[in-house]
Amino acid sequence: MRRLSLFLSLPIILTACGQGNKKASSQETKEATVAVAPVPEAGFVSELDNMSNCESATYDEKRDVLYVSLQGGAEPGDGTIAKVSTEGELIDASFVKGLNDPKGVAVHGDKLYVADVTNLVEVDLSTGEKTLHSGGKAEYLSDVTVTDAGELYVSEMHQSAVYVLKDGSMVEWLRTPELENPNGVLAVGDDLYVGAWGKYADKNPLGAKQGDLLKVNMATQKISHVTKGDFGHLDGVQRFGDSHFLTSNWITGDISRVSATTGKADKILTVEQSVGDILYLPSKKLLVLPVGNINKLKFYKVK
């Protein structure tokens, strides 16, 4: 009887094991599916013309508008900040006037901050009043980002450095070739993500090697690579979900999604050369691309 009962129970045990294996296999498949997320698609919506050498865009959530830096021509003081609706309509081409070569822009509270060659310009969005924060030894300020605590970090491409605003002046925070001549910057939690242009030492960015997407711990200043070598001449960096970033390559016009954990990059779109500091608004699934050489601000929906 004991042998018979063991024999009769054997199929039940095997069936249970088989079901367990199926469950494990199903879980592994599910995890693999999550890990390999489909590459998003970007659909063209509209574009604004006559955006003179546009470089960077940022979003003012309180006023639901965009601010776009227009570098203008070669004359000092001909740079402006344009105000644009999220529907792609130009509200004011000269919302801020008298800038020299405005690049990165960021909003914090009721203030707009603009990287303008050697100075950080602070604009009161309520009054329009401008305040200049001296860049000290800075020669080529590029992008601006604001931490959760309200600290402002600004990249300096020529010096391969990052500056921070302290007591009304720009102070060098970190300078090292390991930053690979930083262009775009984005503060996320305790880390500063850097879209590196690529190393150069002769103030000639067009002769540089390709850079990577980097992560800098703001407490320790430890630098690590997100991408693993010669990724591109990076300009803009934006969050894309909890585990990815969007980057722009100024030279190739490529917009790529990059995994924050593996560094795997998937190209989702290619536009013209000179795509600058991009903007992505997750609530609207809106991707905004300033393309300076053709003076156009382009709008895409990302699915």
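Available extension along the chain between H225 and K301 is 24.5 nm, counting 0.36 nm per residue and deducting the alpha carbon span.
By other beta-carbon atoms within 10 Å, ranking E61, E151 with the fewest at the front produces E61, E151. Entry note, the chain: the mean residue ellipticity at 222 nm calculated from DSSP H runs of n ≥ 4, each adding -39500 (n - 2.57), is -4000 deg cm²/dmol after division by the residues and rounding to the nearest 500.
Residue order for V84, V171, fewest other beta carbons within 10 angstrom first, comes to V171, V84. Note on the chain: with charges restricted to the Cβ of Lys and Arg (+1) and Asp and Glu (-1), its dipole about the Cα centre is near 1860 debye. A DSSP coil position with no more than 14 other Cβ atoms inside 10 Å describes the following trypsin sites (Lys or Arg not before Pro) in the range 38-120: K62, R63. Cross-link reach is defined here as a Cα-Cα straight distance under 23 Å, omitting same-chain residues fewer than 8 places apart; for K215 the lysines meeting it are K103, K166, K199, K228, K264, K267. For the chain, the longest principal axis of the alpha carbon atoms and the long axis of helix 2-35 meet at an angle near 10°.
Readers should treat all values here as calculations from the given coordinates under stated rules, not as data from a laboratory. In this text, all values refer to a predicted model and were calculated from it rather than measured experimentally. A quick note on method: Cβ atoms are made from the backbone with ideal geometry, for glycine too, and the neighbour counts reach across all protein chains shown.
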